[in-house]
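Here the structure comes first, spelled out in C-alpha cells, and everything after it is commentary.
Each reported figure results from applying straightforward, stated rules to the coordinates on display, with no laboratory input. Worth saying up front: this structure is predicted, and the values here are computed from it rather than measured. We place every Cβ from the backbone using ideal geometry, glycine too, and count neighbours over all the protein chains shown.
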Amino acid sequence: MTQSLPVAIRPITEADRPVWQALWHDYLLFYKTALPQAVYDSTFARLIAGNAGIHGLLAERGGVALGLTHFIFHPSCWKIEPACYLQDLFTTPAARGSGVGRALIEAVYARADAAGAPGGLLADRREQLSGADAL
C-alpha cells in the first residue's frame, strides 16, 4: 500500500461485513474490550439499515481498509438542530499519522452539515478528536 494514493471515505455497506468486523474487533482490543457476537450483529445491522440514526464510514487507500468511524444523529438539549455524536474512531496502526483519522473526522463533519446538525461533533474521548492527526 502506498501512501501516495488518496484516502477514500465511503459509507459502510453490507458487503463490508468481514472488513468492518475485523476493524471493529481491533478497535475493541485497543480499548481492552470484548463484546458478544450478538452486539457485533446488532451494530452492523443498524449501521447498514439507514434508519436507526447510526451511521458508519470506512477509510480505504488502494482498496485496503484503513479505518472506520461510527456516528449518531440525535436530539440535543443545547440547540434546536440535531447533534452529531462521533462514537467510534479507529485507524489501523499502519495508517496512523497518515491523515486517515483526520479524513474520517472531516467526512463526519460534512455529513453533519448536510444533515442539518452543524456546529461540531460530540465524542466520548477528547483525545479521539484532539489527537486525530496522530491517527
Given (i) 20.4, 78; (ii) 15.1, 45; (iii) 14.4, 44, the label whose value is Rg and Dmax of the Cα atoms in Å derived from this model: (iii)
Going toward the positive end of the dipole of the chain, with +1 on Lys and Arg Cβ and -1 on Asp and Glu Cβ, which of Gly53, Ala117, Thr33 do you reach last? Thr33
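Sorting check: for 54-61, 9-16, which peptide has the highest mean count of neighbouring beta carbons within 10 Å, and how do the rest follow? Mind dumping the intermediate values first?
Details: 54-61: 21.2, 9-16: 14.6.
So the order, starting with the most tightly packed, is 54-61, 9-16.
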Burial ranking of peptide ranges 22-34, 97-109 (average Cβ count within 10 Å, highest at the top): 97-109, 22-34
For the range 29-97, what is Rg from Cα atoms divided by 2.2 N^0.38 Å, rounded to two decimals? 1.30
